[in-house]
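The values are calculated or read from the model by the stated rules, or taken from the named source; none is laboratory data. From a predicted model like this one, the values you see are computed outputs, not experimental measurements. Using ideal geometry, Cβ is built from the backbone for each residue, glycine included, and neighbour counts are taken over all protein chains shown.
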Amino acid sequence: MTAPLEVVGRSVERSDAVGHVTGRTRFAADRAFPGMLHLKMVRSPLHHARVRGIDLSEAERVPGFVRALTAADVPHNRYTILSLIGVEPEEEFVLAEDRVRFKGEAIVAIVAETEEAAMEAVAKVRLDLDELPAVFDVEEALKPGAPIVTHWGNNTFMYEGHPCRRVRLGDVEAAFARADHIVEGVYNSSPIEHAPLETTGCIAVPEGGRFTVYTNTQALYFSLDNTSIILQVPGNRLHFIGGTVGGGFGGKVDVIVEPIATLAAMKTGRPVRFVYSRSEEMQVSSTRSAWRIYLKDGVTADGRIIARKVTSYADSGAYSRQTPYALTKHAANAAGPYAIPNVSIDAYCVYTNRQPTSAMRGFGVTMASFALEVQMDRIAETVGLDPWSIRFLNAYRNGDMKPHRKLADDATLIETMQAAAALVGHELTAEQQAMTSAPRAGGDPGGR
Amino acid sequence: MAKLRGTGMAAVNYPTGMNLGGDPSQALVHATTSGSFVVTLSATDLGQGLRTVIGQIAAETLGVAYDQVVVDTADTDTGPHDMGTFASRATHRVGNAVIAAAVEARKALLDVAAEEFEASVDEIELDGHGNLMVRGVPARSMPVAEVASMAQFKYGRTIAGRGSFMKPRSEVDPETGAMDPDSTEAHACTVAEVEVDTETGEVTVLSIRSAYEVGRQVNPALVQGQITGGAWMGMSHALYETTAPYYPAPDHSPRDFSEYLMPGPLELPEIDCVVLEMPSSNGPYGVKGIGEMTANSPIPAIVNAIYHATGVRIDSLPVTPEKILRGLDARRP
């Protein structure tokens with residue numbers, strides 16, 4: 001690859017640019033098929049409740065009503081997206097069985113000739129629910145006596161026998177004992193929405209003994225494989241077509257609409273369209289988790305961070321979806337791009353009665369970066385350094401051991417900070433200007 | 001009451017890919033008799049420009065013009081398996097798979113041309129504009145379309161290639177957290193400038209200026225697009241958005257964009273960036289992923305700038321005017 005590059009490195013025009021800016025791009029839900037039915041969901045109005053009964057009699061009399069689907073209609077009524085990579089246990093229901101764990105949880109799918117008929121029938125389904133106590137705060141959820149959201153007796157996802165994803169390097173407590181300063185901070189974030197312009201949706205079409213599903217998923221095979229598991233049909237009976245996504249940001253890695261729309265197409269023999277409304281996108285689809293992150297750092301008088309202890313809680317909501325995986329990614333990044341020889345991380349995936357959370361841009365790292373980089377300024381102020389100097393002093397280099405025991409081999413934090421300083425006209429010291437990410441003489445500094 | 005200005009910074013890294021379940025992508029490439037190369041995938045373009053950059057990587061490796069490459073993707077009946085578009089993985093994983101497929105297809109093309117020209121394969125070259133020739137002998141030149149037709153009608157051969165790339169599964173040690181979860185790390189350093197109105201608690205972001213190190217830019221305009229969009233999204237997370245305005249209470253959650261606040265065009269600050277290229281050892285042409293990370297460093301940079309302006313350290317997001325006013329009140333003697 002030593003020859004000069006011809007095409008890589010050129011700003012050729014994005015293939016979908018003209019279609020998008022002229023409004024001509026066709027999105028998944030823009031298609032129409034003869035005889036297409038519309039699916040709308042009956043959802044829990046309560047945050048936590050026992051389901052006593054479902055009365056469909058009035059809904060069935062709405063003109064245009066075609067059929068209803070309940071839990072008993074779903075061949076394998078479990079939605080556990082990470083089961084594809086061996087993550088257990090199965091926990092979420094495609095349609096609720098005896099309990100609902102968040103406001104908005106799907107209970108009954110209504111299929112009708114028009115969207116209006118589907119909405120009218122949804123409004124006429126009578127639910128008999130017994131409200132249960134609910135919990136909304138990650139640390140409240142871990143206290144004895146808290147309402148239990150899961151079916152296994154506590155409110156944490158279990159990582160190979162541990163209630164949290166752990167990282168351990170060196171001896172944090174010994175380093176705290178010899179540190180000149182202890183700097184502590186608690187950082188919180190509220191949940192946020194992916195806010196795509198195009199809401200989540202699909203159309204499932206029966207075709208020659210197979211089902212073609214037009215979808216705006218970010219991951220066609222995640223959607224196909226999960227649908228195959230839930231419907232208990234071989235994957236080769238399913239044909240998924242995607243390709244244009246009107247905003248993903250991680251929200252369309254969930255595969256929540258395809259299985260039930262395909263089941264409805266199977267049961268009715270007709271094309272079925274299931275597209276989230278804007279309020280479903282905001283109130284029902286996954287959000288980014290709320291986070292609470294406790295940081296405790298041991299720092300020397302000259303500003304070197306010799307120990308960092310991180311205790312993080314991500315609010316997974318009522319079901320875990322992709323969030324257990326986010327905590328693992330968090331754990332691999334929660335010490336930041338700094339060379340810290342003693343690190344202890346406990347990252348908890350906590351269940352509450354909130355709308356479930358899942359993947360979102362920056363998966364497990366965005367809120368860690370917020371906490372860490374505000375904390376770095378706190379440390380700088382404590383030891384009397386400026387924000388640039390504290391980061392240059394502690395920046396990781398190639399050959400350093402990261403807390404998860406991977407050697408850094410592509411670190412360029414120093415060079416990136418030098419470029420930013422030049423961009424904004426911040427004057428660096430001669431020493432900072434001369435620094436590089438090249439391996440330290442003598443390799444990883446170890447315990448320091 | 002006053003409008004106070006401040007500057008804050010943040011520096012971050014961000015991993016490319018996440019392979020704790022194993023992370024493979026496949027690609028197929030074949031030549032048509034009309035002179036195109038078709039890249040067949042099942043990866044999805046989210047609007048970030050995946051089809052475009054994959055076309056560029058294929059054209060580069062094949063040695064043909066960008067407009068000779070057609071990217072056919074996102075159909076599970078035709079496209080080979082791909083994990084999906086997330087974790088800043090697609091350009092890295094799919095790009096590597098496409099390079100492997102394109103190398104194989106290019107060799108098949110050169111074999112046919114060599115036979116036709118009665119030359120050895122290493123004497124044949126592509127001019128990057130759709131022609132094959134014997135090196136140093138411009139008279140012995142032929143369009144790719146003609147060689148592809150000959151492969152079909154004269155030699156009975158395919159001009160095709162298969163490619164796959166997989167970062168193998170890494171198990172996490174449950175005691176120590178030891179793992180190899182990603183392929184490389186990209187870097188960013190952001191400086192934000194804000195103005196805080198101490199009467200209303202409102203924050204105006206004046207500028208977000210960043211340096212990014214992304215390995216290699218396949219398409220600089222698309223990298224710039226990610227940086228600009230991410231700066232806006234980070235600013236929005238820092239100051240505006242939440243689905244639980246009274247968190248942790250779940251009440252009054254928004255139902256639409258009139259209730260879910262985000263900054264509009266009038267709130268957009270000056271956004272500027274420089275991009276460093278320090279190629280990774282394992283990405284296609286040295287690529288690192290930039291898809292997710294661009295919203296990250298703007299958040300703490302803005303929060304640190306608010307502290308610099310006002311002396312109020314906010315440690316919960318979003319930073320609402322109420323939090324700033326309460327912070328200012330607490331500082332009054």
Pairs returned, first residue in segment A:225-240 that is facing chain B (nearest Cβ under 9 Å), second residue that is in a helix (DSSP H, G or I) and among the charged types (D, E, K, R), beta-carbon separation under 7 angstrom, 6 or more apart or interchain, are A:GLY235/A:ASP225
Within segment B:163-185, track down each residue that is assigned to a strand (DSSP E or B) and more than 22 Å from B:MET293 (Cα to Cα).
-> B:GLY163, B:SER164, B:PHE165, B:MET166
Filter result (over 28 Å from the mean Cα position of the chain (by Cα) and either more than 14 Å from chain B (Cβ to nearest Cβ) or surrounded by 13 or more Cβ atoms within 10 Å (Cβ to Cβ) (or both)) within segment A:20-37 = A:THR22, A:GLY23, A:ARG24, A:ARG31, A:ALA32, A:PHE33, A:PRO34, A:GLY35, A:MET36, A:LEU37
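Looking at segment A:248-261, is at least one residue more than 21 Å from the chain's Cα centre (by Cα) and under 24 Å from A:LEU69 (Cα atoms)?
Our first condition is that a residue be more than 21 Å from the chain's Cα centre (by Cα); within segment A:248-261, this holds for A:260-261.
Among the residues that remain, those that are also under 24 Å from A:LEU69 (Cα atoms) are: A:260-261.
Yes - at least one qualifying residue is present in segment A:248-261.
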Restricting attention to segment A:388-414, and to residues there that are out of contact with any strand residue (DSSP E or B) (no Cβ under 6 Å at 6 or more places or on another chain) and assigned to a helix (DSSP H, G or I), which single residue is nearest to the other protein chains (Cβ to nearest Cβ)?
-> A:TRP388
Quick check: anything in segment B:134-155 outside the structural domain of B:MET9 (by TED's automatic domain parsing), in a helix (DSSP H, G or I) and of a type in the set (Ser, Thr, Tyr)?
-> yes
Do we have B:VAL38 as more than 10 Å from chain A (Cβ to nearest Cβ), surrounded by fewer than 24 Cβ atoms within 10 Å (Cβ to Cβ), outside any helix (DSSP H, G or I) and among the hydrophobic types (A, V, I, L, M, F, W, C) here?
-> yes
Counted residues, segment A:170-196 - those being surrounded by fewer than 20 Cβ atoms within 10 Å (Cβ to Cβ) and in a strand (DSSP E or B) = 6
Could you please find all residues in segment A:250-275 being closer than 16 Å to A:LEU95 by Cα and surrounded by fewer than 22 Cβ atoms within 10 Å (Cβ to Cβ)?
-> A:LYS267
What are the pairs, 6+ residues apart or on separate chains, where a residue within segment A:287-298 that is within 12 Å of A:ARG354 (Cα to Cα) has its Cβ under 7 Å from a residue that is among the aromatic types (Phe, Trp, Tyr)?
-> A:ALA290/B:TYR247
Evaluate segment B:264-283: report whether one residue or more is outside any helix (DSSP H, G or I), farther than 30 Å from A:ARG14 by Cα, touching a residue at least 24 places away in the same chain (Cβ under 8 Å) and facing chain A (nearest Cβ under 8 Å).
-> no
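Quick one: which residue in A:ILE81, A:ILE54 is within 13 Å of chain B (Cβ to nearest Cβ) and surrounded by 15 or more Cβ atoms within 10 Å (Cβ to Cβ)?
Answer to the selection: A:ILE81.
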Identify all residues within segment B:4-35 that are assigned to a strand (DSSP E or B), within 11 Å of chain A (Cβ to nearest Cβ) and not aliphatic (A, V, I, L, M); write none if there are none.
-> B:THR7, B:GLY8, B:ASN13, B:TYR14, B:PRO15, B:THR16, B:ASP23, B:PRO24, B:SER25, B:GLN26
Inspect segment A:372-381 for any residue being outside the structural domain of A:ILE81 (by TED's automatic domain parsing), in contact with a helix residue (DSSP H, G or I) (Cβ under 8 Å, 6 or more places away or on another chain), assigned to a helix (DSSP H, G or I) and basic (Lys, Arg) and give the result as yes or no.
-> no
Answer with yes or no whether B:ASP329 is more than 32 Å from the chain's Cα centre (by Cα), without any contact (Cβ under 8 Å) to a residue 24 or more places away in the chain and within 11 Å of chain A (Cβ to nearest Cβ).
-> no
When you scan segment A:290-312, how many residues do you find that are within 11 Å of another protein chain (Cβ to nearest Cβ) and within 30 Å of A:VAL255 (Cβ to Cβ)?
-> 4
Could you identify the single residue in B:VAL147, B:VAL194 that is surrounded by 15 or more Cβ atoms within 10 Å (Cβ to Cβ), in contact with a Leu (Cβ under 7 Å, 6 or more places away or on another chain) and under 19 Å from B:ILE302 (Cα atoms)?
-> B:VAL194
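Tally up the residues in segment A:153-169 that are surrounded by fewer than 18 Cβ atoms within 10 Å (Cβ to Cβ) and more than 22 Å from the chain's Cα centre (by Cα), please. Working first, answer last.
Filtering segment A:153-169 down to residues surrounded by fewer than 18 Cβ atoms within 10 Å (Cβ to Cβ) leaves A:153-154, A:158, A:160-163.
Imposing the further condition that a residue be more than 22 Å from the chain's Cα centre (by Cα) reduces the set to A:153, A:161.
Here the count works out to 2.
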Any chance segment B:287-294 includes a residue that's part of a helix (DSSP H, G or I), surrounded by 20 or more Cβ atoms within 10 Å (Cβ to Cβ) and at the interface with chain A (Cβ under 10 Å from one of its Cβ atoms)?
-> yes
Would you tally the residues in segment A:156-192 being on the phi > 0 side of the Ramachandran plot, of a type outside the set (Asp, Glu) and at the interface with chain B (Cβ under 7 Å from one of its Cβ atoms)?
-> 1
Residues (surrounded by fewer than 22 Cβ atoms within 10 Å (Cβ to Cβ) and either within 9 Å of another protein chain (Cβ to nearest Cβ) or not aliphatic (A, V, I, L, M) (or both)) located in segment A:369-387 | A:ARG378, A:GLU381, A:THR382, A:GLY384, A:ASP386
Across segment B:168-204, which residue is farthest from A:PHE370 (Cα to Cα) among those that are of a type in the set (Ser, Thr, Tyr) and in contact (Cβ under 8 Å) with a residue 40 or more places away in the chain?
-> B:SER170
Considering residues that are buried (at least 24 other Cβ atoms within 10 Å of the Cβ) and among the acidic types (Asp, Glu), the number found within segment B:155-191 is 2
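So that you can scan it fast, the table gives a plain yes or no per residue for (1) modelled with pLDDT under 95; (2) at the interface with another protein chain (Cβ under 9 Å from one of its Cβ atoms); (3) under 30 Å from B:ASP23 (Cα atoms):
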residue: B:THR190; (1), (2), (3): no, yes, no
residue: B:THR200; (1), (2), (3): no, no, no
residue: B:VAL214; (1), (2), (3): no, no, yes
residue: B:VAL218; (1), (2), (3): no, yes, yes
residue: B:MET233; (1), (2), (3): no, yes, yes
residue: B:THR243; (1), (2), (3): no, yes, no
Give the number of residues within segment B:289-305 that are over 30 Å from B:VAL94 (Cβ atoms) and of a type in the set (Asp, Glu).
-> 0
Of all residues in segment B:47-98, which are in a helix (DSSP H, G or I), hydrophobic (A, V, I, L, M, F, W, C) and at the interface with chain A (Cβ under 10 Å from one of its Cβ atoms)?
-> B:LEU50, B:VAL53, B:ILE54, B:ILE57, B:ALA58, B:ALA59, B:LEU62, B:ALA90
Would you please list the contacts, defined by Cβ atoms under 6 Å and residues six or more apart or on different chains, that run from a residue in segment B:209-222 that is within 30 Å of B:GLY6 (Cα to Cα) to a residue that is acidic (Asp, Glu)?
-> B:ARG209/B:ASP272
